[in-house]
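Here is the structure we will look at.
The values are calculated or read from the model by the stated rules, or taken from the named source; none is laboratory data. For clarity, every value in this text was computed on a predicted model and none was experimentally measured. Cβ: placed from backbone, ideal geometry, glycine included. Neighbour counts: every protein chain shown. To get the accessible areas, we keep the full protein, side chains included, count just its heavy atoms, and leave off ligands, DNA and RNA. Shrake-Rupley method; radii C 1.70, N 1.55, O 1.52, S 1.80 Å.
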Amino acid sequence: MKNQKMKGVLKLGKIAGIRIEVHWTFTLLLIWVVFLDIQRGGTMNTAFMNIILIILLFLCVILHELGHALAAKRFNINTNKITLLPIGGVASLEKMPEKPGQELIVALAGPAVNVIIAILLFLVVPMKNYFGLDADSLVNLLAAPTLETLLFYLFIANVMLVVFNLIPAFPMDGGRVFRALLAFTMDRARATEIAAGLGQALAVVFFMLGLFFNPFLILIALFIFLAAYSENQMVKQKSLVEGHFVKEALLTNITLLHPENSLEDVFEIILAGTEKDFVVAENGLIVGILNHKNILNNAQNGSIKVRSIMNTKYKTMRAMDELKEFFVMINNEKQRFFPVTDKTNKPIGAIDVNNVSEFLMLRTNLHSKS
């Protein structure tokens, strides 16, 4: 990560080669927990216990996400990082396995970790002290800032994590489990459509409950609805490009810039046509890419050379790569524009989101007419 401050994340280190990061908004959750505790008449001790509980809970979330990551590793799928957010953790897998059995294992691996944690806590915490008590006695016991109470809350939290994550709605693990089970008997696109539809229906239920009981459920509902829609659209796109290759959606009428070109030269090309992003080549080999954002950021200095502002950290694609790999690339990289090379690494064109979108629209219209 080049600029932690700009991205608002704190890097904690690596576990099993996976970066662990905490988003700055996580601190808002800690502040909110302390504020609620003070409002309820809590003390410094209870506030401190709640903060420790949140930190321990998010350690459990990290282990949950590591469960997904290590299961995916078995199928040669790497995980770039795990990011902690106020709503939970996000493991940035390169992709989800498309075979139903593999997706089922990866999806269940996370909740399985929480089940193990809950079992271990159940064996450690004297549960008989909490069950069988009348309501007043239980409230008094749970209000005591003790290690035993802390572990009991952590046990309950892990049980809730399992239950919540197994709700059959994207992006929860249960949505992927449900999709994987359906995919054993139908194609992945149809399975995703059904699973996403159920997820969106549950989102509507959560939304209605949020209107009457807890506004926080409205945010969860919106999150589930949009995630289910996004997953369905992405899988539909991948199904449309199944069996197609990068060369079929290739931009071939492109201008190869030279590192010694000036921005004034680039301005002329942009105004004369539709190109916004450029491949930079020297002696027949790619040496960088120049994005539209870089051009705009330096537009006040037309004499500047392309060499000084081009991006030299870029990924390329091959003409015979499967087109569905393009979606994996834009998901894992910070690029939306990729130079395309032949077998000898010579540039033959480029591919970007706009051109792939055009290809998808043409494929969609072709399918609807056939």
Among all residue pairs at least 6 apart or on different chains, which show Cβ distances below 6 Å where the first residue, located in region 258-272, is of a type outside the set (A, V, I, L, M, F, W, C) and the second is open to solvent by 90 Å² or more (accessible area, probe 1.4 Å) and assigned to a helix (DSSP H, G or I)? Pro259/Arg307
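From the list Phe213, Phe206, exactly one residue is open to solvent by 70 Å² or more (accessible area, probe 1.4 Å), among the aromatic types (Phe, Trp, Tyr) and out of contact with any Gly (no Cβ under 6 Å at 6 or more places or on another chain). Which is it?
Details: Phe206 fails: open to solvent by 70 Å² or more (accessible area, probe 1.4 Å).
The match here is Phe213.
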Testing Ile167 on (1) loosely packed, with under 15 Cβ neighbours inside 10 Å; (2) modelled with pLDDT of 85 or more; (3) not in a helix (DSSP H, G or I), one condition comes back false. Which one is that? (1)
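State yes or no: is Val241 in contact with a Lys or Arg (Cβ under 6 Å, 6 or more places away or on another chain) and surrounded by 19 or more Cβ atoms within 10 Å (Cβ to Cβ)?
Values: in contact with a Lys or Arg (Cβ under 6 Å, 6 or more places away or on another chain): yes; surrounded by 19 or more Cβ atoms within 10 Å (Cβ to Cβ): yes.
In short, yes.
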Are any residues in region 67-81 open to solvent by 40 Å² or more (accessible area, probe 1.4 Å) and within 13 Å of the chain's Cα centre (by Cα), and if so, which ones? Asn80, Lys81
Result of the Cβ filter at 8 Å on region 340-365, keeping first residues that are of a type in the set (Asp, Glu) and partners that are outside any helix (DSSP H, G or I), at least 6 apart or interchain, is Asp342/Arg318; Asp342/Ala319; Asp342/Ile348; Asp352/Leu251; Asp352/Asp277; Asp352/Arg336; Asp352/Phe337; Asp352/Phe338
With criteria (1) touching a Leu at 6+ places or on another chain (Cβ under 7 Å); (2) within 27 Å of Asn298 (Cβ to Cβ), Ala249 comes up short on (2)
Per-region count, region 283-323, residues closer than 13 Å to Pro347 by Cβ, touching a helix residue (DSSP H, G or I) at 6+ places or on another chain (Cβ under 9 Å) and at pLDDT 90 or above: 4
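So is Phe26 crowded, with 16+ Cβ neighbours inside 10 Å, at pLDDT below 70 and within 25 Å of Val159 (Cβ to Cβ) or not?
Yes; evaluated as a whole, the condition is true for this residue.
I'd like to know if region 186-202 contains one or more residues that are of a type in the set (Asp, Glu), in contact (Cβ under 8 Å) with a residue 24 or more places away in the chain and not in a helix (DSSP H, G or I). Steps first, please.
Going residue by residue through region 186-202, those that are of a type in the set (Asp, Glu) are 187, 193.
Retained after the next criterion (residues that are in contact (Cβ under 8 Å) with a residue 24 or more places away in the chain): 187, 193.
Those left that are additionally not in a helix (DSSP H, G or I): 187.
Yes, region 186-202 contains at least one residue that is of a type in the set (Asp, Glu), in contact (Cβ under 8 Å) with a residue 24 or more places away in the chain and not in a helix (DSSP H, G or I).
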Helices (runs of 4 or more DSSP H) fully within region 260-367 counting 3 or more residues that are closer than 30 Å to Met96 by Cα and open to solvent by 40 Å² or more (accessible area, probe 1.4 Å): 324-332
Would you pick out the residues in region 82-110 that are open to solvent by 60 Å² or more (accessible area, probe 1.4 Å) and either under 20 Å from Met234 (Cα atoms) or in a strand (DSSP E or B) (or both)? Val90, Lys95, Glu98, Lys99
Which pairs do you get when a residue that is open to solvent by 70 Å² or more (accessible area, probe 1.4 Å), found in region 219-234, comes within reach of a residue that is modelled with pLDDT of 85 or more, reach meaning Cβ atoms under 7 angstrom, with the pair 6+ apart or on two chains? Phe225/Gln200; Phe225/Ala203; Tyr229/Ala196; Tyr229/Gln200
